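Participant: What follows is a single structure, and I will ask about it in a moment.
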Amino acid sequence: MPIDRLLKRALLAVALLGLVSGSIAALAGASGWARILWGTGTVPVIAGLAYSILRDFLDGRVGVDAVALLSMTTAVAMGETLAGAVVALMYAGGNLLEDFAIGRAERELSALADRAPRLAHRRQGEEVVDIPVGDVAVGDRLMVRAGEVLPVDGIAPDGAVVVDEAALTGEPIPNRREPGEKLHSGTVNAGDSFEMVAGATAGSSTYAGILRMVSAAQSAKAPFVRMADRYALAFLPFTVLLAGGAWLLSGDPVRALAVLVAATPCPLILAAPVAFVSGVSRAAGRGILVKGGGPLERLARTRTVMFDKTGTLTVGGARLIGIETASGADADTVLHAAASLEQASHHVVASAIVDAARMRGLALDMPTDVRETQGAGLEGLVGERRVRAGAASLVFAGRAAPDWAARAQRRASWRSALSVFVAVDDRPIGAILLADELKSDAPHAIRALREAGVARIVMVTGDRADAAETIGAALDIDAVLADRVPADKVDAVKTEQRIAPTLMVGDGINDAPALAAADVGIAMGARGASASSEAADVVVLVDRLDRVAEAVAIARRTRRIALESILVGMGLSVVAMLAAAVGWLTPVAGALVQEAIDLAVILNALRALGAPFGSGRRRLAEAARETLHRDHAALAGALDRLRDIADALDAASPADGAILVREANALVAAKVVAHERDDEARVYPMLRGVLPDGPGLAAMSRAHREILHLARLLERLAGSLDPDTTDHWVLRDAQRAIEAIEALVRIHSAQEEDIYDHAA
């Protein structure tokens with residue numbers, strides 16, 4: 001435990017012991033010993049306070065503590081040691097409470113340092129020797145094994161490599177680096193072992209630069225001025241003038257002491273710490289860890305919020321967003337073949353494909369005879385079939401890509417997605433599109449921040465401009481800063497700080513320097529890097545982006561309660577000071593009156609523990625919310641198939657078109673209509689119990705009716721189709737109905753996701 005904190009605890013114990021023992025002596029009739037014991041408990045507090053004030057004064061700060069020092073010193077000098085002991089106890093207790101409330105948790109860079117490799121594998125002739133990473137010299141040839149962190153910057157001269165750069169850029173999908181391209185320390189080898197040539201020493205490499213930036217950003221933060229200190233600058237001279245005036249006009253120095261004791265700024269000493277401790281506790285109950293009262297107070301003054309993209313506004317990993325199929329294949333067949341094969345790979349893309357297949361309830365087969373082509377994909381046996389999954393170059397093996405494959409690549413490009421092509425027994429059957437997608441609660445979180453009073457929202461990311469702009473437009477963000485490395489993020493934060501108090505929200509190691517540099521850093525710590533949690537002032541412990549807005553709202557309410565407590569307490573203290581100045585209060589009576597004021601201030605400050613009045617509504621259980629989200633995820637496969645059918649109708653013959661329309665109708669009836677009816681019968685009645693907005697659910701029910709209307713239209717069209725009489729125009733009408741259902745259900749589901757997040 002730090003020496004300062006031990007000293008504050010010791011002073012509190014001495015003050016309490018002095019007041020209690022002196023009071024016992026007074027009750028026993030030993031008034032002389034009582035005064036000595038009260039003085040003995042007060043003098044160490046005076047000494048500790050004097051040292052603290054001198055240290056702050058040399059640093060250019062004068063605060064609320066000066067009034068307490070003046071009153072205690074005067075009380076002891078005049079022999080009014082009981083009054084001094086009471087003030088000493090209140091000061092020592094309040095100071096320790098404040099230290100607990102506003103003391104920022106010590107943020108070591110251990111998480112960053114622990115991740116950095118300690119050893120490098122250097123090739124010496126035919127041998128590979130482990131050496132300390134600090135001994136690596138430029139030009140050394142190093143072996144990097146699968147899954148290892150690159151120890152220094154360099155290049156891989158012998159062939160393409162696959163590296164996971166999420167620690168630096170935040171982007172979850174590994175990148176292929178061609179021979180001669182620069183490799184950065186801190187990234188992870190996501191492929192097979194390879195050899196690289198060191199291009200820098202460990203100390204001058206990229207990862208070491210991030211360590212230095214975090215440390216520099218933390219130390220460069222301006223000292224925080226406590227709320228109480230700002231009010232003390234006006235309260236201190238007023239107190240001295242009033243005490244001096246009372247002495248001068250009455251000729252009685254005891255009146256001056258009574259004024260000083262009544263003026264002892266316990267409302268200033270106690271109000272803000274108690275309120276902010278309460279606010280910290282309130283935030284913790286909502287899964288928001290605030291590292292003390294200082295960050296909470298700064299959070300209350302936030303006007304600009306900056307978000308990282310990947311893992312913060314988006315889910316932070318590869319997710320299935322679509323499946324393109326060849327003629328005669330279906331999406332489940334493509335996904336089953338790829339997922340079965342990808343079980344043999346540790347690649348992040350493989351995990352995403354396997355997870356998507358399991359979410360759709362597909363029973364996977366174990367692959368055999370699997371071979372991995374570095375940076376290209378996998379090949380192996382699934383049952384009796386030979387399956388290939390990976391890049392187009394692997395699947396098509398030099399052959400021209402068919403039209404459906406070209407369409408898949410175009411769609412992947414538009415959506416900043418990765419395409420994994422799949423072939424079974426040398427016949428390409430489809431492509432799986434994977435991308436990082438927007439978090440379902442992101443729109444609600446952005447709107448809640450606006451409602452909380454945030455004036456400007458900025459996204460800063462290491463991703464490409466096209467992908468970043470797409471996310472920014474979807475969320476109505478004020479500015480998008482793309483292609484930013486960690487140093488650029490720090491510069492962006494500093495630029496915003498010149499305009500308004502700035503909050504930075506991120507989740508990865510690459511965000512740690514910006515989190516440390518911002519006025520307040522919030523780390524999304526549910527799945528994020530521990531390094532960002534170390535560098536941040538606030539950590540959101542649940543995977544809920546809307547907790548950021550809730551943290552701002554809690555901070556602002558807490559600050560408002562603290563301010564109310566300070567102003568009311570100071571007002572009552574001024575009344576007591578005036579009473580003491582005209583002789584209506586003795587020093588001891590003034591101390592007791594001040595105790596009553598303190599009690600009122602503390603009780604008011606404790607209101608920050610609870611929710612605002614009128615907000616005690618029922619909430620949707622987290623398990624129920626997750627179930628509703630899973631229901632929508634299960635519907636996604638049906639919607640993907642509807643889109644595939646609509647695409648296939650472009651070139652379908654009347655006979656094939658009739659079959660496709662009937663399939664779409666059966667899918668809509670079995671999946672979409674059943675889902676919407678279940679929402680109306682089961683889900684919405686449950687939501688009405690937790691949502692105050694009845695008309696909002698009525699509007700959602702209106703969307704249900706429109707979906708059911710389109711489903712009935714499609715059913716009539718499907719029932720009237722005859723392969724012999726079906727013409728192009730009937731198929732066009734059916735195609736439009738299918739596309740309308742698919743689009744409307746997706747939009748409607750997104751709106752429901754927002755409602756679920758708001759209700760939880």
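Participant: Within the range 327-343, is even one residue at pLDDT below 85 and open to solvent by less than 10 Å² (accessible area, probe 1.4 Å)?
Facilitator: yes
Participant: Another one. Please enumerate the residues belonging to the range 460-514 that are at pLDDT 85 or above, outside any helix (DSSP H, G or I), of a type in the set (Val, Ile, Thr) and in contact with a helix residue (DSSP H, G or I) (Cβ under 9 Å, 6 or more places away or on another chain).
Facilitator: Val460, Thr461, Ile477, Val480, Thr502, Val505 - these are the residues of the range 460-514 that are at pLDDT 85 or above, outside any helix (DSSP H, G or I), of a type in the set (Val, Ile, Thr) and in contact with a helix residue (DSSP H, G or I) (Cβ under 9 Å, 6 or more places away or on another chain).
Participant: Just for the range 7-48: of the residues that are charged (D, E, K, R) and open to solvent by 60 Å² or more (accessible area, probe 1.4 Å), which one is farthest from Leu82 (Cα to Cα)? Full working, then the answer.
Facilitator: Applying the first criterion (charged (D, E, K, R)) to the range 7-48 yields 8-9, 35.
Now narrow it down to the ones that are open to solvent by 60 Å² or more (accessible area, probe 1.4 Å): 9, 35.
On the way: Arg9: 21, Arg35: 7 Å.
Per the criteria, the residue is Arg9.
Participant: So, in the range 371-381, of the ones that are surrounded by fewer than 20 Cβ atoms within 10 Å (Cβ to Cβ) and at pLDDT 85 or above, which residue ends up farthest from Glu178 (Cα to Cα)?
Facilitator: Taking the range 371-381 first, the residues surrounded by fewer than 20 Cβ atoms within 10 Å (Cβ to Cβ) are 371-374, 376, 381.
Retained after the next criterion (residues that are at pLDDT 85 or above): 371, 381.
Details: Arg371: 21, Leu381: 29 Å.
Among those residues, the one meeting the criterion is Leu381.
Participant: Before we move on, is Ile457 closer than 30 Å to Val382 by Cα, open to solvent by less than 30 Å² (accessible area, probe 1.4 Å) and in a strand (DSSP E or B)? Outline the logic, then answer.
Facilitator: Values: closer than 30 Å to Val382 by Cα: no; open to solvent by less than 30 Å² (accessible area, probe 1.4 Å): yes; in a strand (DSSP E or B): yes.
When the stated conditions are applied, Ile457 does not pass them.
Participant: Within the range 17-24, can one find any residue that is of a type in the set (Gly, Ala, Ser), at pLDDT 80 or above and not in a helix (DSSP H, G or I)? Steps first, please.
Facilitator: The first filter runs over the range 17-24 and keeps only residues of a type in the set (Gly, Ala, Ser), leaving 18, 21-23.
Add one more test, that the residue is at pLDDT 80 or above, and what stays is 18, 21-23.
Okay, now just the ones that are also not in a helix (DSSP H, G or I), so none.
No, the range 17-24 contains no residue that is of a type in the set (Gly, Ala, Ser), at pLDDT 80 or above and not in a helix (DSSP H, G or I).
Participant: Is the range 415-432 home to any residue that is at pLDDT below 85, part of a strand (DSSP E or B), closer than 30 Å to Arg388 by Cα and open to solvent by less than 20 Å² (accessible area, probe 1.4 Å)?
Facilitator: No, every residue in the range 415-432 fails to be at pLDDT below 85, part of a strand (DSSP E or B), closer than 30 Å to Arg388 by Cα and open to solvent by less than 20 Å² (accessible area, probe 1.4 Å).
Participant: Taking the range 433-443, which residues are assigned to a loop (DSSP other than H, G, I, E, B) and open to solvent by 10 Å² or more (accessible area, probe 1.4 Å)? Working first, answer last.
Facilitator: Filtering the range 433-443 for residues assigned to a loop (DSSP other than H, G, I, E, B) gives 436-437, 439-441.
Residues satisfying the conditions are Asp436, Glu437, Lys439, Ser440.
Participant: Can I ask one more? What's the number of the only condition in (1) at pLDDT 90 or above; (2) over 30 Å from Ile755 (Cα atoms) that Ile457 fails to meet?
Facilitator: Single failed check for Ile457: (2).
Participant: Grab the strands (runs of 3 or more DSSP E) fully contained in the range 125-235, keeping just those with 1 or more residues being at pLDDT below 80 and of a type outside the set (Val, Ile, Thr). Break it down into steps so the answer makes sense when it comes.
Facilitator: Values: elements: 127-132, 141-144, 161-164, 175-177, 194-198.
Output list reads 161-164, 175-177.
The values are calculated or read from the model by the stated rules, or taken from the named source; none is laboratory data. Remember, it's a predicted structure, so these values are computed and weren't measured experimentally. Virtual Cβ from ideal backbone geometry, glycine too; neighbours counted across all protein chains shown. When the accessible area is computed, the model is the full protein with side chains, heavy atoms only, and any ligands, DNA or RNA have been set aside. Shrake-Rupley method; radii C 1.70, N 1.55, O 1.52, S 1.80 Å.
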